[in-house]
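The structure under discussion appears below in the form of structure tokens.
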Amino acid sequence: RPRVLSGIQPTADSFHFGNYLGALRQWVALQEEHEPFFFIADLHAITVEQDPKLLRERCLRAAAQLLAMGIDPERSAIFIQSQVPAHAQLGWVLQCLTGFGEARRMTQFKDKSAKGGEGAASVGLFTYPVLQAADILLYRPQYVPVGEDQRQHLELTRDLAARFNHRFKKTFRLPEPYILKSTAKILDLQLPTAKMSKSASSPGGIIEMLDDPKVSAKKIRSAVTDSGSEVRFDEGEKPGISNLLTIYSALTGREIEDLEKEYDGRGYGDFKKDLAEVVVEFVTPFRDRTLELLDDKAQLDAVLRDGAARANAVAERTLADVYDRVGFVRIG
Ligand code: AQP
């Protein structure tokens with residue numbers, strides 16, 4: 001079975017709809033036909049300041065949420081990035097193959113360092129995409145299911161893999177991004193020109209999966225729409241309604257055209273009210289299941305221990321090849 005690999009940062013108490021619809025839902029679907037490795041990216045999280053206690057808690061919350069949404073630990077290795085030392089080790093080797101100018105072109109660094117100025121950003125935030133390349137290449141996956149915002153990092157990953165293969169010996173597989181066009185970029189409910197994001201969205205702009213379902217319903221009902229009244233998918237003219245149609249369609253599996261027909265002539269109010277109900281029905285069992293899992297720390301530990309063992313077995317083998325090929329001495 002071809003491998004898939006992806007990760008998510010434990011930098012919030014809850015995943016949001018952008019994470020879920022953009023990436024995590026595909027994780028669940030892909031596990032049927034693939035051999036998946038899914039990790040909680042705590043090394044990435046510390047590229048910006050984290051409270052140690054909170055970081056630990058959020059890693060476990062992330063694991064519980066992955067299980068609650070249907071990641072099956074029998075099929076998929078679920079692990080915490082810092083439990084697999086080869087990520088940081090390969091990250092260093094790849095940093096030495098990355099041009100400074102090449103790293104500088106990454107738009108996510110530009111965006112994330114814009115607020116405090118480049119001087120305030122950590123070197124780790126700057127080299128983050130290179131560590132991400134290491135995360136991926138260690139497992140030689142075919143697909144990396146992510147949202148649109150990660151496309152540029154995936155391109156860098158492919159460039160670094162090709163460079164290493166060319167300079168030394170074919171070692172890495174060139175991974176392909178797996179980005180579902182329809183949900184590749186879920187937008188902020190209050191600012192439907194920007195992506196829904198935990199660091200940039202206002203509280204009203206983001207739906208958190210573990211939030212009180214009543215609060216999420218209210219956010220849907222108060223989502224920004226345009227001044228018209230027609231429920232129609234048109235990203236240019238109607239970004240707010242189009243975003244809500246995307247969410248509605250993704251959660252129910254119904255076609256957008258079908259939804260347009262159903263709400264023809266009925267106005268935004270009805271549409272948003274129904275979508276609010278759909279959201280409540282979706283998040284309520286998810287939240288209950290996550291809270292239940294969080295009560296069983298022994299089970300979470302067992303899943304993460306087993307996941308790390310499976311990941312280490314694969315990652316150590318790749319790292320040994322890499323160390324050999326770059327000329328590091330192996331003492332017998
Ligand atoms: N709005 C989004 N639409 C589609 N996909 C999205 N992803 C994030 N936001 C959207 C995808 O979620 C996965 C995990 O993301 P991450 O842990 O790397 O977090 P992130 O991209 O940093 O998420 P945020 O909310 O955007 O955080 P900040 O604000 O800190 O940057 C990835 O596959 C991502 O593409």
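Structural remarks
- Unmet criterion (only one of (1) part of a helix (DSSP H, G or I); (2) over 30 Å from residue 168 (Cα atoms); (3) open to solvent by 60 Å² or more (accessible area, probe 1.4 Å)) for residue 283: (3)
- Looking across 198, 238, 272, 214, one residue alone is under 27 Å from residue 291 (Cα atoms) and surrounded by 13 or more Cβ atoms within 10 Å (Cβ to Cβ). It is 198.
- Qualifying residue in region 10-18 (condition: open to solvent by 10 Å² or more (accessible area, probe 1.4 Å) and either more than 13 Å from the ligand (Cβ to nearest atom) or part of a helix (DSSP H, G or I) (or both)): yes
- For residue 179, the conditions (1) touching a residue at least 24 places away in the same chain (Cβ under 8 Å); (2) open to solvent by 80 Å² or more (accessible area, probe 1.4 Å) are fulfilled apart from (2).
- Condition check for residue 220 on (1) surrounded by fewer than 17 Cβ atoms within 10 Å (Cβ to Cβ); (2) β-branched (Val, Ile, Thr); (3) part of a helix (DSSP H, G or I); (4) within 16 Å of the ligand (Cβ to nearest atom): one failure, at (1).
- Of the residues screened, residue 4 is not one that is buried (at least 23 other Cβ atoms within 10 Å of the Cβ), more than 16 Å from the ligand (Cβ to nearest atom) and either modelled with pLDDT of 95 or more or charged (D, E, K, R) (or both).
- Residue pairs meeting the criteria (Cβ under 6 Å; at least 6 apart or on separate chains; first of a type in the set (D, E, K, R), in region 182-200; second within 11 Å of the ligand (Cβ to nearest atom) and in a loop (DSSP other than H, G, I, E, B)): 188/194; 188/196; 188/201; 195/185; 198/12
- Search result, residues across region 199-240 that are in contact with a Ser or Thr (Cβ under 9 Å, 6 or more places away or on another chain) and under 20 Å from residue 282 (Cα atoms): 204, 205, 206, 207, 208, 209, 210, 211, 213
- Flag: residue 40 matches the condition of being in contact with a strand residue (DSSP E or B) (Cβ under 6 Å, 6 or more places away or on another chain), under 25 Å from residue 172 (Cβ atoms) and without any contact (Cβ under 8 Å) to a residue 60 or more places away in the chain.
- Pick from region 26-55, criterion within 20 Å of residue 185 (Cβ to Cβ) and more than 10 Å from the ligand (Cβ to nearest atom), ranking: most open to solvent (accessible area, probe 1.4 Å): 29
- Within region 238-267, the residues that satisfy the criterion of being in a helix (DSSP H, G or I), at pLDDT 95 or above and more than 22 Å from residue 185 (Cα to Cα) are 261, 262.
The values are calculated or read from the model by the stated rules, or taken from the named source; none is laboratory data. All values derive from a computational prediction rather than experimental measurement. Because the Cβ atoms are built from the backbone with ideal geometry, glycine has one as well, and the counts that use them run over all protein chains shown. In case anyone asks, the SASA skips ligands and DNA or RNA and just uses the protein heavy atoms, side chains included. Shrake-Rupley method; radii C 1.70, N 1.55, O 1.52, S 1.80 Å.
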